[in-house]
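Just below is one structure, and these are the notes that go with it.
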Amino acid sequence: MKVGIVARGKHGKFTANEMAKYFEVSIFELPEELPAIVEDVSLPEDVLNADVLISYSEHPDINIRILESAKAGLIIFTGKSGSKVQLKKVAEERGLKLLLVDICCVVPSVKGFEEFFSIFGKPEFEVEVEDGKLRDVRVIRCAFCGATRFVAEKLKDVSVQEAPRLAGYYTQIYPCLASRGVEGGIHLAAEMHKIAIERALRRLQKL
């Protein structure tokens, strides 16, 4: 499977590094600072025509250009991607599958892309417990940026009672690039990992 990534500044580089462990990855890097209006941008064919294309551009002109040019099987725009109505309209006109998400921890699985979503998407763990502590934490599905693997390592030997709270905490200290602040996406990322650990513990109780 081929994955194309449009990175901007630091956004997208962690994802590229993580996904390159499993798939063939092509990356196109944009500068951190972009003008309000981008009249033209030349995107490489290997990015545009990947099986899955992920854009971190957070720029409406660039994302429209992607939709007008791409032949990717699935396109994922993150963050402030532009007018959702306009983006969905262009995607529909071209027959493209498009996902618009605030952060990568909430990307839902898409039929036909099981190979990709069996590894990346909403975080999922499997745990082993001994004497009230997590003796092993395995990543079943990882957030695009790799935060889930970081959390898994940090949670080993943590008490069952503290594990969900600490899963959220460690997500926030990982160099995740979700927005910060009171209403920042980092809080949603933390909550997604907290829920994933709680779910893993519930599954273990049912065995």
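Side notes on the structure shown:
Let's see how each residue does on (1) among the aliphatic types (A, V, I, L, M); (2) under 14 Å from the mean Cα position of the chain (by Cα):
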{"site": "ASN63", "(1), (2)": "no, no"}
{"site": "SER69", "(1), (2)": "no, no"}
{"site": "THR78", "(1), (2)": "no, yes"}
{"site": "SER83", "(1), (2)": "no, no"}
{"site": "LYS97", "(1), (2)": "no, no"}
{"site": "CYS104", "(1), (2)": "no, yes"}
{"site": "GLU114", "(1), (2)": "no, no"}
{"site": "ILE119", "(1), (2)": "yes, yes"}
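- Being crowded, with 19+ Cβ neighbours inside 10 Å, hydroxyl-bearing (Ser, Thr, Tyr) and assigned by TED's automatic domain parsing to the domain that holds GLY12 holds for only one residue in SER83, SER42, SER57, and it is SER57.
- Selection within the range 118-155 - assigned to a helix (DSSP H, G or I), touching a strand residue (DSSP E or B) at 6+ places or on another chain (Cβ under 9 Å) and either surrounded by fewer than 17 Cβ atoms within 10 Å (Cβ to Cβ) or not small (Gly, Ala, Ser) (or both): THR148, ARG149, VAL151, GLU153, LYS154, LEU155
- Residue satisfying all of: in the range 1-24; surrounded by 22 or more Cβ atoms within 10 Å (Cβ to Cβ) and more than 12 Å from the chain's Cα centre (by Cα); farthest from ARG141 (Cα to Cα) among these: ARG8
- Failed item, numbered, when PHE113 is tested on (1) surrounded by 15 or more Cβ atoms within 10 Å (Cβ to Cβ); (2) within 27 Å of ASP51 (Cα to Cα); (3) without any contact (Cβ under 8 Å) to a residue 40 or more places away in the chain; (4) of a type in the set (A, V, I, L, M, F, W, C): (3)
- Flag if LEU166 is part of a strand (DSSP E or B) and either at pLDDT 95 or above or over 25 Å from ILE66 (Cβ atoms) (or both): no
The values are calculated or read from the model by the stated rules, or taken from the named source; none is laboratory data. Since we're looking at a predicted model, the values are computed, not measured. Heads up, the Cβs are rebuilt from the backbone with ideal geometry, glycines too, and the neighbour counts pull from every protein chain shown.
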